[in-house]
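Derivation of every value follows stated rules applied to the coordinates shown; laboratory data play no part. Just so it is clear, the structure is predicted and the values come from calculations on it, not from any experiment. Counting neighbours? That spans all protein chains shown, and the Cβs are built from the backbone with ideal geometry, glycine included.
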Amino acid sequence: MNVLHARTLKMYSRPGESEASFRGRLTHALHEKRDAALEKLRTRYQPKLEKLQLSLERAQEKLDREASQYSSQKAQTAISIGETLLGALFGRKKVSVGNIGKATRTARHASRASRERGDVKRAREQLQETKKKLGDLEAELRTKTDALRAEVDASGIELSEHALRLRKSDTTLERFALAWRPANVVGA
């Protein structure tokens, strides 16, 4: 008896099974194999994706915090500049210890605002870098997933005929009987 053999999946057709139904079984086996591989791939990438998502959230929080601090520092600097100018213009003395102290405080506020602006820039760069890493990882996962999905075509699997030979171990004796028929009847 001849059966079909799919060498890549190490599967044989059943005796009397048509090629179409065998290919259907092969397709089902390929789907199961693909689903198992996809699940394995997802479980391998899940911790990396979660870590990058957490990093992205932290980077966004840091950017928001730094932007808030920068705007607060900018407002404080503007108030300090206004206070210094008004004190210098409308004060009794144009150059006084108080006006010099206010100008010094204004310079410190401007310096802090400049540092905060740098912090915002660094936080924004870190956020962009994290987004890029996350995008790259998702693209890599998508590429591998698409490659696994493309392998499911059973029509491209090469089939060969395989002859089944009878072995002694394949034979079973269900009933053993002895039949006797007399050949000569005496006296009849």
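Looking at the chain, which longest stretch skips every one of the GluC sites (Glu not before Pro) that is in a DSSP loop with at most 16 other Cβ atoms within 10 Å, leaving the sites themselves out?
Answer - 18-150.
When the chain is fully extended, how far beyond the present Cα-Cα distance does Lys121 get from Arg34, taking 0.36 nm per residue of separation?
26.9 nm
Which whole-number percent is the relative contact order of the chain (Cα, under 8 Å, 6+ apart)?
Answer for the chain is 41 percent.
Of Ser21, Ser114, Ser169, which has the largest mean-square fluctuation in a 10 Å C-alpha GNM of the chain?
Among Ser21, Ser114, Ser169, the largest GNM mean-square fluctuation belongs to Ser169.
Cut-off under 18 Å on the C-alpha distance; same-chain residues fewer than 8 positions from Lys121 excluded. Which lysines are left, in chain and number order?
The qualifying lysines are Lys62, Lys74, Lys131, Lys132.
Quick one: longest stretch of the chain between exposed loop trypsin sites (Lys or Arg not before Pro), exposed meaning at most 15 other C-beta atoms within 10 Å and loop per DSSP?
Result for the longest clean stretch: 11-91.
Under a cut-off of 16 Å between alpha-carbon atoms, report the lysines in cross-link reach of Lys40, not counting same-chain residues fewer than 8 places apart.
Lys48, Lys144
Among Leu134, Leu63, Leu178, which one shows the biggest mean-square fluctuation in a GNM of the chain, springs joining Cα atoms closer than 10 Å?
Leu178
Helix 19-90: angle to the longest alpha-carbon principal axis of the chain, degrees 0 to 90, nearest 10?
Orientation of helix 19-90: about 0 degrees from the principal axis.
Working from the pairwise distances between different alpha carbons, so that the mean of 1/r is found and then inverted, what is the chain's Kirkwood radius in Å?
25.5 Å
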